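Throughout, read-outs are computed from the coordinates displayed, never taken from laboratory work. It should be emphasised that the depicted structure is a prediction, and the values quoted were computed from it without experimental measurement. Here the Cβ positions follow ideal geometry from the backbone for every residue, glycine too, while neighbour counts run over all protein chains shown.
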Amino acid sequence: MIRKCLFPVAGYGTRFLPATKSMPKEMLPIVNKPLVQYGVEEAAEAGLNNVTFVTGRGKRAIADHFDTSYELEHQIAGTSKEEYLVDIRHLIDNVNFSYIRQNQMLGLGHAILTGEPLIGDEAFGVVLADDLCIQENEGQEGVLEQMVKLYNQFRCSIVAIEEVPVDEVNKYGVIAGESMGDGLYRVTDMVEKPAVDEAPSNLAIIGRYILTPDIFEKLRTTPPGRNGEVQITDALMQQAKEGCVMAYKFKGRRFDCGSVDGFVEATNYCYENIYKKG
């Protein structure tokens, strides 16, 4: 049973400067809720109630957000404004939070490896908060919940994928694989940010993973790739060669909130389809 979820949140958020000069990009609000809270809610709904943040300098606001604010709660006690804190109080009461610092920004693979002491020898989820995933239909399961069910069936690492325009494949890790039906592929190739004419497909990895614990040993022995960073795709490809890695075309809608355009699109969508409907 998967109980833990890792959030790499040490990045600088340079595409959102100057807003992120003193504020974590993960705390930027989509309407009235920080981006990272959507991801934690998704993890909790999937049963991953032990959340580890791999943080960096200037990220204390994340820890403060997932903690009780006694002065604020005292000030609004007994007023209608208490209802605004219902969701975050539920997370604080039902999720265990832990934090570890990534001292150098050496890629997603390095961030995941940094979290090993708090994850231990068990399978775990990974959420990149920049990718906001929304259930479009009532009753639809979140992406992580869909993936956890697949893990319970296949017991191997799983990456979430979606089709992207061919001219955008150079922004993503891209997979090729054998189709197993229902949006599921057994990975045969995986390339990090390939040139358009070298991409094995247009199936791009987005920020949701289920990883088996042997990924840590793979990451320790993975040489740095582009820009001297340790790429999770390289470690996953090694897993695929030695055993099995699955890719899953998830149900739901994903917004790239790491870009300004995607962030604005997500805000507008959530305002119209979630906030206004209560």
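Structure summary
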{"quantity": "For the range 4-275, size of Cβ-based charge dipole, Lys and Arg +1, Asp and Glu -1, in debye", "calculated": "700"}
{"quantity": "Zone residues, the range 132-148, relative to N273, backbone N less than 15 Å from point 7 Å out along Cα-to-Cβ", "calculated": "132-143"}
{"quantity": "Gain in span if fully extended, D93 to R3, counting 0.36 nm per residue against the direct Cα distance", "calculated": "30.8 nm"}
{"quantity": "Relative contact order (%) - the chain, alpha-carbon pairs under 8 angstrom, separation at least six", "calculated": "23"}
{"quantity": "Spin-label model distance (nm) - N137 vs R57, 7 Å beyond Cα toward Cβ", "calculated": "4.9"}
{"quantity": "Sorted peptide list for 154-166, 71-83, criterion being average Cβ within 10 angstrom, highest first", "calculated": "154-166, 71-83"}
{"quantity": "Stretch gain in nm, segment N103-S22, where the contour uses 0.36 nm per residue and the Cα spacing is subtracted", "calculated": "27.4 nm"}
{"quantity": "Cα-Cα over 19 Å, subset of K59/K193; K149/K249; K149/K193; K218/K241; K149/K241", "calculated": "K59/K193; K149/K193; K149/K241"}
{"quantity": "Between 0 and 90°, nearest 10: helix 260-270 axis offset from the chain longest Cα axis", "calculated": "60"}
{"quantity": "Cross-link partners of K276 among aspartates and glutamates (Cα-Cα below 16 Å; sequence separation of 8 or more within a chain)", "calculated": "E83, E136, E138, E265"}
{"quantity": "Calculated [θ] (222 nm, deg cm²/dmol) that DSSP helices of n ≥ 4 give over the chain, each run adding -39,500 (n - 2.57)", "calculated": "-8500 deg cm²/dmol"}
